[in-house]
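Structure record follows, encoded as structure tokens.
The values are calculated or read from the model by the stated rules, or taken from the named source; none is laboratory data. Since this is a predicted model, take the numbers as computed values, not measurements. We place every Cβ from the backbone using ideal geometry, glycine too, and count neighbours over all the protein chains shown.
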There are 2 protein chains.
Amino acid sequence: MPEKVANSTRLKVNQAIAVTGYTTNAMARSLRLGRSNMILVVAPDIGDPNFSNILIGLENEARSHGYGVLIGHTQNDAQRGLEYLKFLNSNQAAGLILFTGILPFGHQTMTARLPPSVGVFEPVFNGGIPYVGVDDIAGARKAVDLLIAEGHRKIAFIGDSRTRLAYSRRRMGYEAGLDAAGIGPDLRMVLEGDGTIESGRLAVEQLFMRDRLPTAFMCVNDQTAIGVMIGLKTRGYDIPEDFSVTGFDDVPQAVFMTPSLTTIRQPRTAIGKHAMALLLELLSDGQPAETEILLRPDLVVRNSVSAPARIRR
Amino acid sequence: MPEKVANSTRLKVNQAIAVTGYTTNAMARSLRLGRSNMILVVAPDIGDPNFSNILIGLENEARSHGYGVLIGHTQNDAQRGLEYLKFLNSNQAAGLILFTGILPFGHQTMTARLPPSVGVFEPVFNGGIPYVGVDDIAGARKAVDLLIAEGHRKIAFIGDSRTRLAYSRRRMGYEAGLDAAGIGPDLRMVLEGDGTIESGRLAVEQLFMRDRLPTAFMCVNDQTAIGVMIGLKTRGYDIPEDFSVTGFDDVPQAVFMTPSLTTIRQPRTAIGKHAMALLLELLSDGQPAETEILLRPDLVVRNSVSAPARIRR
DNA sequence: TTGTACGCGTTATCAC
DNA sequence: GTGATAACGCGTACAA
């Protein structure tokens with residue numbers, strides 16, 4: 001409401017509002033302004049335990065600025081992504097939050113005209129989009145350093161991936177830690193994986209078919225670690241007596257595992273909050289103040305790590 | 001597009017669309033129609049493990065009908081609820097999905113004019129709003145029946161609540177099962193709880209201060225069961241050797257507990273799908289076809305239940 | 001300081 | 001079948 005209205009008229013207006021129960025029509029407003037007050041959040045999997053807390057952060061920040069959060073669930077299906085692209089094209093969303101480094105719009109991805117956007121977790125493929133994540137290298141480094149401090153020297157890395165930048169960064173932290181401790185790299189100790197529980201189980205099977213076993217499994221995320229623990233238990237081994245295991249993310253169930261999982265915590269709510277704040281800033285200023293915000297991940301020590309023991313063969 | 005346009009003009013129109021990349025402006029459309037294509041989903045806690053899969057169901061169904069899902073997180077705070085009420089009043093949402101049986105709009109709840117709404121899990125307080133949930137009585141009955149079949153006769157019920165209808169219904173199932181087995185009710189075996197992990201721990205402490213222990217703990221939900229298991233383990237007991245435990249919900253981490261939790265599965269994605277379908281039906285027809293949809297919950301047998309053993313005192 | 005008129009992009013209506 | 005026109009409610013610019 002402008003400043004230059006006289007107090008008398010302002011009073012009358014307010015009274016009229018009270019009497020009629022007037023509320024401004026957001027549709028008309030958006031139409032006139034050519035911009036809505038909705039932010040579209042597109043994630044491949046809403047059910048991902050890593051997602052929900054991020055959403056809380058996103059939502060709180062948006063709401064406190066009068067924005068609403070529209071959610072989109074693509075399941076890595078380009079067809080679904082396209083439907084959300086329609087949302088954007090029809091001006092239903094003023095901004096876009098993207099998860100896991102991909103533009104989910106299939107073959108139209110390259111030509112799509114996007115509103116101001118911010119990525120979460122990883123920089124978005126083909127760049128130009130600022131993002132908020134965690135310092136993966138530093139986080140992974142904390143995990144290796146712990147294992148090395150406990151006396152491990154044969155540490156496997158489970159879940160390397162060329163397509164997920166966060167994963168390859170975590171591997172970089174792993175290698176840096178090994179290097180700092182004077183442990184030479186051993187490629188046989190690095191196994192690929194897509195971050196699923198199954199990929200963790202599979203990695204254990206593969207390693208047991210080789211002649212050289214690690215004493216510790218450093219996993220690219222908690223899901224992988226859970227798979228590794230299942231695989232190890234199935235073979236009758238005890239954790240951490242026989243093998244140590246670390247994860248990354250600090251997913252809700254990490255604390256309920258037996259043994260509870262030592263892992264690296266992502267400050268999820270804070271990531272969501274920062275990502276939304278950055279997007280809203282973009283929306284008003286037009287220019288990104290920062291192109292990359294990396295939060296500090298913390299080591300959470302639980303019970304899945306101990307000093308290495310003699311391994312039975 | 002109307003039927004009565006000639007093929008020749010239709011062709012020209014489609015060509016023009018292809019050339020200019022026209023997309024209909026949803027704002028103008030909503031303004032003209034006086035109705036948006038957004039559904040507001042309000043939940044007290046987005047991070048609730050019970051919530052995310054429901055959301056998937058809601059979202060899929062909505063999207064396939066051209067609707068978007070707007071999410072609201074109230075944290076049981078009436079103030080936040082009011083902000084979402086604004087969304088509704090400004091015509092930003094055509095319909096409303098409510099969780100856990102309460103209207104989250106504080107003191108304005110009674111006077112609020114609501115759009116077509118559907119409840120999830122429990123009927124919404126003060127009624128008139130159709131809802132989709134699970135047959136809690138039948139579900140609880142499956143759990144007691146299993147315990148009774150294993151030979152238990154002293155079965156505690158943890159998590160009774162007068163405010164949450166779903167919980168009191170689960171208690172009804174519990175009592176019906178006891179009754180059917182000719183086991184008289186014992187009020188000392190029924191403990192209150194709000195469905196949190198802490199309430200489960202507390203219940204264990206309370207029971208151990210009494211003179212008569214159960215051989216099994218039937219919990220109102222998985223969180224409570226997790227708390228009970230923690231409490232029991234802390235006291236050095238083995239599950240299910242010393243005590244059996246059942247939950248309700250089949251939350252994702254239930255399978256990762258040690259022992260894995262025997263529980264009652266809620267078909268979450270299906271609940272979400274049905275709730276949204278019902279709402280969309282309401283939106284077009286105006287009249288609710290059904291006022292209550294109860295889905296069938298399934299018993300998931302895992303490792304937290306066995307026959308009762310002699311209890312050490 | 002206040003009032004008024006226009007246009008945002010649709011859809012619905014009505015005359016052609 | 002087709003084309004023109006009004007109206008949805010708001011923000012803005014300009015006249016009073």
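Test A:Gly128 against the stated conditions and say whether it is assigned to a loop (DSSP other than H, G, I, E, B), free of Cβ contacts under 8 Å to residues at least 60 places away in the same chain and small (Gly, Ala, Ser).
Numbers: assigned to a loop (DSSP other than H, G, I, E, B): yes; free of Cβ contacts under 8 Å to residues at least 60 places away in the same chain: yes; small (Gly, Ala, Ser): yes.
Answer is yes for this residue.
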Look at A:Phe217 and say whether it is touching a residue at least 24 places away in the same chain (Cβ under 8 Å) and touching a strand residue (DSSP E or B) at 6+ places or on another chain (Cβ under 9 Å).
-> yes
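Scan region B:149-164 for residues that are in a helix (DSSP H, G or I) and at positive phi and jot them down.
none
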Select from region B:254-279 the residues that are over 22 Å from B:Gly231 (Cβ atoms) and surrounded by fewer than 21 Cβ atoms within 10 Å (Cβ to Cβ) and list them in ascending order.
-> B:Arg265, B:Pro267, B:Thr269, B:Ala270, B:Ala277
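Would you check if A:Leu282 is touching a His at 6+ places or on another chain (Cβ under 8 Å) and either within 14 Å of another protein chain (Cβ to nearest Cβ) or not β-branched (Val, Ile, Thr) (or both)?
Numbers: touching a His at 6+ places or on another chain (Cβ under 8 Å): no; either within 14 Å of another protein chain (Cβ to nearest Cβ) or not β-branched (Val, Ile, Thr) (or both): yes.
For A:Leu282, the condition - touching a His at 6+ places or on another chain (Cβ under 8 Å) and either within 14 Å of another protein chain (Cβ to nearest Cβ) or not β-branched (Val, Ile, Thr) (or both) - is not met.
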Of all the residues that make up region A:60-77, how many are surrounded by fewer than 22 Cβ atoms within 10 Å (Cβ to Cβ) and farther than 20 Å from B:Leu55 by Cα?
-> 3
Between residues in region B:19-33 that are in contact (Cβ under 8 Å) with a residue 60 or more places away in the chain and residues that are in a helix (DSSP H, G or I) and within 16 Å of DNA strand D (Cβ to nearest atom), which pairs lie under 8 Å by C-beta distance while being six or more apart or on different chains?
-> B:Ser30/A:Met27
Select the helices (runs of 4 or more DSSP H) contained entirely in region A:2-92, then report the ones holding at least 1 residues which are facing chain B (nearest Cβ under 7 Å).
-> A:26-33, A:51-63, A:78-89
The residue from B:Leu11, B:Leu103 that alone is crowded, with 21+ Cβ neighbours inside 10 Å, more than 16 Å from DNA strand C (Cβ to nearest atom) and over 19 Å from A:Ser30 (Cβ atoms) is B:Leu103
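Here is a yes/no grid of residues against (1) within 18 Å of A:Thr74 (Cβ to Cβ); (2) modelled with pLDDT of 95 or more:
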{"residue": "B:Thr24", "(1), (2)": "no, no"}
{"residue": "B:Gly34", "(1), (2)": "no, no"}
{"residue": "B:Met38", "(1), (2)": "no, yes"}
{"residue": "B:Ile46", "(1), (2)": "no, no"}
{"residue": "B:Asn50", "(1), (2)": "no, no"}
{"residue": "B:Leu58", "(1), (2)": "yes, yes"}
{"residue": "B:Glu61", "(1), (2)": "yes, yes"}
{"residue": "B:Ser64", "(1), (2)": "yes, no"}
